[in-house]
Amino acid sequence: MKTYNVLWIDDRCKTESDFITNAELVDIIITPFETSEAGMKAFEKDLFHWDGIVLDAKCWIESSDETADTDAMHKSIDKITELKYKRKVPYFIYTGQPDLQSDTQFEKSLRGQGFYVKGRDEEKLIKNIKTEADKLPETQICHRYSASLEVCTDKYIGNNCKNELIDILLNIHGHKEINPNAYYTQLRIILEYVFRAANMIGLLHDACIGRNGKVNLTESSLFLAGEPANLLHVKCLKTHFPKILADNIKNLLFVTGGASHTTIVEDKDIINFQSYNSVVNTPYLLYSLTYIICDVLIWYKQYADINSDVSINKSLWISLPKVGDKLEIETDADGNFHCGDFCLVDKRQGANLIGKNVTITKLNNNTDRNTNAKYLYFATVTL
């Protein structure tokens, strides 16, 4: 379903709610503001959210202490015009003032814009809002990718990265020219917002976000994939990412790491990207990674909606052993000497250490197919 978000500035909007109700019947969501200042502040904060603006001819600029006049309308029009280079949004004058309807000076001040009369032209106004909005490339993109873009709201990951994602999608469909190389970092930032949101509801471990507030993207992706985040010594008992999504995110981080100028990566990764880009200098790599991000956003919304219990999510966090830890050795039904997620390399040593506290001196990934499903690591220990 296509919905249209329309900003309405009218000092009487609280008493003229029928307009809002009638618009909603045809999928136009009206957000009312009593003053020009409040309405324009909301408009500028999230330009790509709005598909149209309705202005009362006489309104307040800052507060109800003022006398409503046309200065507020013109102030709003000036702001809309000023921001046109960022986002062009159609506006409509909607007035119930009898004195203005036959005022030639007022009509001239609109510079050919025309106006709609309350109580007479509501149906025409609603129809024209949709007609004009449908002509906007940004609105077309927002409708086409609504399942992904609706996640870029305060309810989920915030809207700070929404504009950059729309820029890429506009480019994909031929509506805007961009420099593809400038947008790889933006994809990493979008993923970072997803991980921050996942942490807020307990899906992602606190350790994945450093004390400086920086998100460890690689370790976060491992944790959500149910793999050990070895650098942070944490793991999740539940695999959150589907396997295909986990693999796609791993590839996205590798490619965007080599392309980003704000990410610390190995020289070979940068060389790999530069070598590829020198031969295949197209935007298609960026496009493919953008569609991965679109899938990540859709996945996150659906998954977060049904897994929002913070305490349950955090109960799935476990700490992994690390060198220097002191633990007690046990034996399992198969005769493996172990503690937590590691088993001993030397079984003969283990027989003499059951029930004793030992110190881990070395850890390696467990490559033994007979035991690695139960124990992630081989450990060397000392008393």
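The values are calculated or read from the model by the stated rules, or taken from the named source; none is laboratory data. This structure is a prediction, so every number in the text was calculated from the model and none was measured. So basically every Cβ, Gly included, is an ideal-geometry build from the backbone, and we count neighbours across all protein chains shown.
Return the residues of the range 140-165 that are touching a Lys or Arg at 6+ places or on another chain (Cβ under 9 Å) and β-branched (Val, Ile, Thr); say none if nothing qualifies.
Correct list: Val151, Thr153, Ile157.
Rundown of residues vs (1) loosely packed, with under 13 Cβ neighbours inside 10 Å; (2) touching an Asp or Glu at 6+ places or on another chain (Cβ under 7 Å), yes/no style:
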site	(1), (2)
Asn128	no, no
Thr131	yes, no
Ile141	no, no
Ser148	no, no
Tyr156	no, no
Asn159	no, yes
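Aliphatic (A, V, I, L, M) and outside any helix (DSSP H, G or I), is that true of Leu203?
The answer is yes for Leu203.
Report, by residue number, each residue of the range 176-234 that is acidic (Asp, Glu) and crowded, with 20+ Cβ neighbours inside 10 Å.
Listed by number, the list holds a single entry, Glu219.
Of everything in the range 206-227, what is touching a helix residue (DSSP H, G or I) at 6+ places or on another chain (Cβ under 7 Å) and part of a loop (DSSP other than H, G, I, E, B)? Give them in sequence order.
Asn216, Ala225
What residue, of Glu16, Glu37, Glu66, is touching a residue at least 12 places away in the same chain (Cβ under 8 Å) and farther than 22 Å from Leu125 by Cα?
That would be Glu37, the only listed residue that is touching a residue at least 12 places away in the same chain (Cβ under 8 Å) and farther than 22 Å from Leu125 by Cα.
Being in contact with a helix residue (DSSP H, G or I) (Cβ under 8 Å, 6 or more places away or on another chain) and in a helix (DSSP H, G or I) is the filter; apply it to the range 1-36 and report the residue that is surrounded by the fewest Cβ atoms within 10 Å (Cβ to Cβ).
If we take residues in the range 1-36 being in contact with a helix residue (DSSP H, G or I) (Cβ under 8 Å, 6 or more places away or on another chain) and in a helix (DSSP H, G or I), then Asn22 is surrounded by the fewest Cβ atoms within 10 Å (Cβ to Cβ).
Give the residue, chosen from Lys135, Lys130, that is among the charged types (D, E, K, R) and either out of contact with any Phe, Trp or Tyr (no Cβ under 7 Å at 6 or more places or on another chain) or free of Cβ contacts under 8 Å to residues at least 24 places away in the same chain (or both).
Result of the check over Lys135, Lys130: Lys135.
Of the residues Gly119, Gly174, Gly114, only one is on the phi > 0 side of the Ramachandran plot and in contact with a strand residue (DSSP E or B) (Cβ under 8 Å, 6 or more places away or on another chain); which?
Sole residue among the options that is on the phi > 0 side of the Ramachandran plot and in contact with a strand residue (DSSP E or B) (Cβ under 8 Å, 6 or more places away or on another chain): Gly114.
Which one of these does Leu204 not meet: (1) free of Cβ contacts under 8 Å to residues at least 24 places away in the same chain; (2) within 22 Å of Pro321 (Cβ to Cβ); (3) over 17 Å from the mean Cα position of the chain (by Cα)?
(3)
Among the residues of the range 344-363, what is the count of those that are modelled with pLDDT of 75 or more and surrounded by 12 or more Cβ atoms within 10 Å (Cβ to Cβ)?
Going through the range 344-363 one residue at a time, the tally reaches 6.
Among the residues of the range 48-63, is there at least one that is of a type outside the set (Ser, Thr, Tyr), surrounded by fewer than 21 Cβ atoms within 10 Å (Cβ to Cβ) and free of Cβ contacts under 8 Å to residues at least 24 places away in the same chain?
No, the range 48-63 contains no residue that is of a type outside the set (Ser, Thr, Tyr), surrounded by fewer than 21 Cβ atoms within 10 Å (Cβ to Cβ) and free of Cβ contacts under 8 Å to residues at least 24 places away in the same chain.
What are the pairs with Cβ atoms under 6 angstrom where one residue, in the range 349-374, is outside any strand (DSSP E or B) and the other, located anywhere, is of a type in the set (Gly, Ala, Ser) and loosely packed, with under 15 Cβ neighbours inside 10 Å? Sequence gap at least six, or different chains.
none
Within the range 239-274, restricting attention to residues that are at pLDDT below 95 and not in a helix (DSSP H, G or I), which residue is surrounded by the most Cβ atoms within 10 Å (Cβ to Cβ)?
So, considering only residues that are at pLDDT below 95 and not in a helix (DSSP H, G or I), the one surrounded by the most Cβ atoms within 10 Å (Cβ to Cβ) is Ser260.
Taking the range 155-182, which residues are over 18 Å from the mean Cα position of the chain (by Cα) and either small (Gly, Ala, Ser) or outside any loop (DSSP other than H, G, I, E, B) (or both)?
Hits for the range 155-182 are Asn171, Ile172, Gly174, Pro180, Asn181, Ala182.
State all residues of the range 93-108 that are surrounded by 15 or more Cβ atoms within 10 Å (Cβ to Cβ) and either modelled with pLDDT of 95 or more or over 17 Å from Asp10 (Cβ atoms) (or both); if no residue qualifies, say none.
The one that is surrounded by 15 or more Cβ atoms within 10 Å (Cβ to Cβ) and either modelled with pLDDT of 95 or more or over 17 Å from Asp10 (Cβ atoms) (or both): Glu107.
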